[in-house]
Amino acid sequence: MKGLFKSKPRTPVDIVRQTREGLVQLDLHSGSRSGDAKREEKMTELSKNIRDMKSILYGNGESEPVTEACVQLTQEFFRENTLRLLIIHLPKLNLETRKDATQVVANLQRQQVSSKIVASEYLESNKDLLDILILGYENMDIALHYGAMLRECIRHQSIARYVLESEHMKKFFDYIQLPNFDIASDASATFKELLTRHKATVAEFLSNNYDWFFEEFNSRLLSSTNYITKRQAIKLLGDMLLDRSNAAVMMRYVSSKDNLMILMNLLRDSSKNIQIEAFHVFKLFAANKNKPPEVVNILVTNRSKLLRFFAGFKIDKEDEQFEADKEQVIKEISAL
Amino acid sequence: MLRAAGLFAPAASPPSSAMAPANNVSNGGSEEEARYPLNAESYRLLCKIGSGVSAVVYKAVCLPLGSSSSSSAVVAIKAIDLERSRVDLDGVRREAKAMALLSHRNVLRAHCSFTVGSHLWVVMPFMGAGSLHSILRHGFPGGLPEPCVAVVLAETLRALCYLHGQGRIHRDIKAGNILVDSDGAVKLADFGVSASIYETMHASASASAATAALGLGSSASCCFNDVAGTPYWMAPEVIHSHVGYGIKADIWSFGITALELAHGRPPLSHLPPSKSMLMRITSRVRLEDEESAAASSSSNKFSRAFKDMVSACLCQEPAKRPSAEKLLRHPFFKACSRRSKDFLVRNVLAAVPSIEERCSKDDDAGNDLCGCVVGARGGGARCVSPCRRHAADDDVVGVKNRRISGWNFNEDNLELDPTTTEEPAAEKRCVPFENPVVELDDSDSTGDGDRRRRPSHGDEDQDHGKAAEVVGFKEQQEVVTRKLMAVLQSLEMQRDMVTNVLERTAGSFDGGGNGGACGESVTGPRQEEREEMLLGYVRQLEHRVGDLRMEVEEEMAWNARLEKMMLQEKEINSSQASAGNSFS
């Protein structure tokens with residue numbers, strides 16, 4: 001049924017404004033107990049506005065997003081503190097609206113207005129929002145939403161650098177090991193993103209923070225008794241060390257006998273997956289042309305064991321690269 | 001089952017001690033729900049109620065909640081074996097996240113999930129009547145009556161409407177994933193392969209997540225294959241076509257599920273998997289076959305509305321398949337809204353044995369209920385599901401030689417390092433290579449035992465899983481080609497056999513002719529008739545072989561193209577990898 005008087009369609013700017021107003025009112029109403037029905041109504045309206053923003057940014061089943069509309073929305077969104085309001089009030093929204101809001105925030109991170117990423121500029125002058133997002137991992141109700149937003153925000157190199165260098169970085173070692181699997185694995189996804197996405201920034205972070213970072217990494221993650229923590233950590237370590245941009249850090253890592261011992265213990269882990277990931281790091285120790293004497297010493301002492309181990313070390317599917325690496329490692333160790 | 005419960009008893013810790021962890025997580029979950037503890041000790045597994053390639057589902061009781069005697073204390077726990085090679089952690093993470101964030105009365109939502117050793121336990125509401133697959137098997141082998149089919153499908157469609165509205169594609173709609181509670185509530189479950197369109201768009205950093213979401217297969221855990229940091233962009237139109245594609249793929253499976261519920265088994269399931277797979281990709285044959293199948297087995301059993309609804313879902317062209325929302329308005333579902341919730345209870349659930357009885361039946365039949373329960377005694381650490389062991393048998397056998405009991409870090413003037421002190425001192429000297437660690441020995445023996453009993457079972461299961469897995473796109477390409485080749489071969493063989501038979505009957509006919517003229521006159525016409533029939537059959541077969549050959553050729557050309565693309569990508573990868581590797 002179509003109304004006789006079609007109301008003028010709301011522009012993207014209208015929708016953002018109404019969203020902002022709705023969020024502000026949420027704040028006002030939360031204190032005073034003004035009629036539940038009215039509050040309900042406001043909430044419904046707010047939810048609808050957020051959903052409308054989502055359809056503008058992503059398009060819907062019938063139509064694709066229109067660039068001009070996205071630009072208008074983005075501009076209006078960051079012209080004032082809509083992002084701050086949305087993040088702060090997220091816990092008050094219902095589940096579906098939280099999800100919509102998360103998707104809106106995610107999408108906005110890469111919207112460009114006259115070839116500039118507005119979101120990045122906004123976040124740079126509102127870095128405390130990132131603190132809020134990170135601490136979200138401590139609240140089970142919003143952890144997954146804040147986590148998803150956070151991962152989108154650290155797409156910006158400057159923001160990733162802020163998080164890497166913040167005190168919060170240490171907290172990730174706790175978050176990764178939260179008992180709640182969905183939250184812990186979300187935290188590890190963010191952790192991984194922080195340590196692999198922006199190559200130069202990561203390389204700089206790792207060299208400046210080498211001591212504490214790898215101390216924590218080795219003792220809390222690689223030596224963890226938790227299967228999944230160990231498995232994700234060893235995979236991430238491989239990803240980091242095998243990245244060209246981290247060559248200097250890698251050289252430092254593979255020159256330490258303590259690190260070698262941890263890796264050798266992981267090689268004989270009861271999990272095949274962990275063994276394989278450990279091998280990808282172990283091979284770096286073996287391939288190092290300037291092995292320190294203490295590393296050589298360990299390898300020589302365990303030479304026969306290692307060779308026997310590698311003789312029976314196979315992965316389920318054929319992998320030429322793996323076999324070649326293994327050959328190389330065997331050669332290196334035999335030649336010591 | 002009593003045996004199982006008995007075995008579990010020792011694993012149960014006293015409720016008082018189990019209360020503590022439950023309280024620790026009191027700030028979690030959503031407000032009105034009971035809090036479920038995040039440790040294995042708080043649950044007692046009662047019996048196995050289902051199993052898949054890399055997961056086992058148990059009925060269990062949550063001990064801290066048990067005292068309140070509420071039904072929420074009974075749960076289902078899906079124990080996913082994370083060590084199984086086919087499970088990739090990103091996929092598991094997506095499933096956990098999906099299940100935590102979906103909220104709809106027709107979608108099964110997880111209470112919580114946590115790891116237990118190398119298993120992930122997903123604690124879910126216990127759906128008392130089990131899956132429709134199981135209901136069909138134990139009470140309705142010929143299919144459900146049409147009104148019940150309609151109710152189940154309408155509820156499933158509501159779940160699909162919700163999922164699709166969320167930009168989520170289920171990708172594994174089938175009777176086995178539709179669960180029914182004892183009060184008749186219907187819920188869609190198992191998001192193991194589901195994908196979110198939004199997540200696909202966002203996962204730009206991790207190419208593997210994106211490709212997995214696209215159904216291009218999950219990458220192995222080898223670092224060298226990672227194209228780390230390659231930005232992954234998808235144009236909106238691609239996403240849209242993807243949305244359209246994915247969502248409509250669910251509608252197709254929904255149509256097949258409708259037939260499955262109506263007939264008691266999915267269409268084409270009487271054919272070997274290879275052939276049914278083939279049929280699915282050759283449109284002509286498939287549609288004809290379905291129509292004839294529907295016509296033959298249930299000619300007048302089902303209404304026109306049903307047939308019309310199903311054929312709309314099974315439209316070759318994805319774009320022409322109706323959306324879930326539109327489908328829900330189909331006349332076939334008209335009556336559903338009038339039916340009360342206990343319609344299914346009265347008409348379906350009353351006719352099937354309880355889930356426990358079904359399980360014990362399976363047990364008697366020697367179905368794959370294995371010693372799953374044994375592990376739980378060990379304090380929960382290396383818990384549950386030695387099931388993976390028979391599927392990963394070769395693995396276990398290999399491990400024996402591979403296991404190293406300890407390294408020598410403290411010899412030759414090396415300082416004694418604290419991290420190595422936990423190594424037993426004896427091992428430093430004797431290098432007990434041949435002595436696998438005790439726990440491994442254990443697992444070995446159970447694994448071997450199982451294998452001896454049913455030598456090929458594990459492999460078969462794995463094959464099944466492979467066929468079912470939609471994710472591995474490239475893998476699927478290969479499988480399809482291989483299967484096509486096999487079918488082609490078998491058809492060719494059949495053709496040869498038929499011609500052979502033809503020749504021989506012709507020969508014997510000649511021979512008979514020598515014996516007496518009267519015999520010839522009697523058998524003549526019948527022989528001719530048979531011969532003609534056989535010839536017709538041969539011609540049909542030849543036709544089929546021709547079609548198949550074309551199919552194979554197409555498939556191979558496509559494969560070749562894919563291979564070329566992969567090779568190019570590999571080259572880029574390896575040049576990157578070698579660059580990263582040559583630090584020396």
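Since every read-out is calculated from the coordinates, none of them should be taken as a lab result. Keep in mind it's a predicted model, so treat the numbers as computed, not measured. Cβ coordinates were reconstructed from backbone atoms using ideal geometry, including for glycine residues, and neighbour counts include every protein chain displayed.
Taken over the stretch A:302-313, the criterion of being at the interface with another protein chain (Cβ under 8 Å from one of its Cβ atoms) and buried (at least 18 other Cβ atoms within 10 Å of the Cβ) is satisfied by A:Asn302, A:Lys305, A:Phe309, A:Phe313. Would you check if there is a residue in the stretch A:269-288 being over 30 Å from B:Leu89 (Cβ atoms) and either surrounded by fewer than 18 Cβ atoms within 10 Å (Cβ to Cβ) or facing chain B (nearest Cβ under 8 Å) (or both)? Looking through the stretch A:269-288, none of the residues is over 30 Å from B:Leu89 (Cβ atoms) and either surrounded by fewer than 18 Cβ atoms within 10 Å (Cβ to Cβ) or facing chain B (nearest Cβ under 8 Å) (or both). Among the residues of the stretch A:235-256, just one is among the small types (Gly, Ala, Ser), assigned to a helix (DSSP H, G or I) and without any contact (Cβ under 8 Å) to a residue 40 or more places away in the chain, namely A:Ala247. Scanning the stretch B:179-190 for residues that are more than 13 Å from B:Arg109 (Cα to Cα) and surrounded by 20 or more Cβ atoms within 10 Å (Cβ to Cβ) yields B:Val180, B:Asp181, B:Gly184. In the stretch A:211-239, the residue that is surrounded by the most Cβ atoms within 10 Å (Cβ to Cβ) out of those that are of a type in the set (Ser, Thr, Tyr) and more than 7 Å from every other protein chain (Cβ to nearest Cβ) is A:Thr229. Remark: pairs (first residue in the stretch A:197-226, under 25 Å from A:Leu178 (Cα atoms); second residue among the hydroxyl-bearing types (Ser, Thr, Tyr) and part of a helix (DSSP H, G or I); Cβ separation under 6 Å; 6+ apart in sequence or on different chains) = A:Leu221/A:Thr229. Can we say A:Glu294 is out of contact with any Pro (no Cβ under 7 Å at 6 or more places or on another chain) and either within 10 Å of another protein chain (Cβ to nearest Cβ) or closer than 19 Å to A:Phe217 by Cβ (or both)? Yes. For the stretch A:157-168, filtered to residues that are touching a Phe, Trp or Tyr at 6+ places or on another chain (Cβ under 8 Å) and surrounded by fewer than 21 Cβ atoms within 10 Å (Cβ to Cβ), the residue that is farthest from A:Leu221 (Cα to Cα) is A:Arg161.
Determine, yes or no, whether A:Ile333 is hydrophobic (A, V, I, L, M, F, W, C) and at the interface with another protein chain (Cβ under 10 Å from one of its Cβ atoms). Spelling it out, it is not the case that A:Ile333 is hydrophobic (A, V, I, L, M, F, W, C) and at the interface with another protein chain (Cβ under 10 Å from one of its Cβ atoms).
Taking helices (runs of 4 or more DSSP H) as the structural unit, those lying wholly within the stretch A:82-195 and holding at least 1 residues that are under 30 Å from A:Thr44 (Cα atoms) and basic (Lys, Arg) correspond to A:82-89, A:95-108, A:143-153. Taken over the stretch B:99-132, the criterion of being in contact with a Ser or Thr (Cβ under 7 Å, 6 or more places away or on another chain), more than 29 Å from B:Val345 (Cα to Cα) and small (Gly, Ala, Ser) is satisfied by B:Ser118 alone.
Is it the case that the stretch B:325-333 has a residue that's surrounded by 14 or more Cβ atoms within 10 Å (Cβ to Cβ) and in contact with a Gly (Cβ under 9 Å, 6 or more places away or on another chain)? Yes - at least one qualifying residue is present in the stretch B:325-333. Name the residues in the stretch B:76-116 that are within 7 Å of chain A (Cβ to nearest Cβ), within 26 Å of B:Arg158 (Cβ to Cβ) and surrounded by 20 or more Cβ atoms within 10 Å (Cβ to Cβ), would you? Within the stretch B:76-116, B:Ala96, B:Lys97, B:Ala100, B:Leu101, B:Cys112, B:Ser113 qualify. Which pairs have Cβ atoms under 8 Å, sit 6 or more apart or on different chains, and link a residue in the stretch A:321-336 that is touching a residue at least 12 places away in the same chain (Cβ under 8 Å) to one that is of a type in the set (D, E, K, R) and surrounded by fewer than 18 Cβ atoms within 10 Å (Cβ to Cβ)? These pairs meet every condition: A:Ile333/A:Arg303; A:Ser334/A:Arg303; A:Leu336/A:Arg303.
The set of residues from the stretch A:152-184 being of a type in the set (D, E, K, R) and over 21 Å from A:Asn209 (Cβ atoms) comprises A:Glu152, A:Arg155, A:Asp182.
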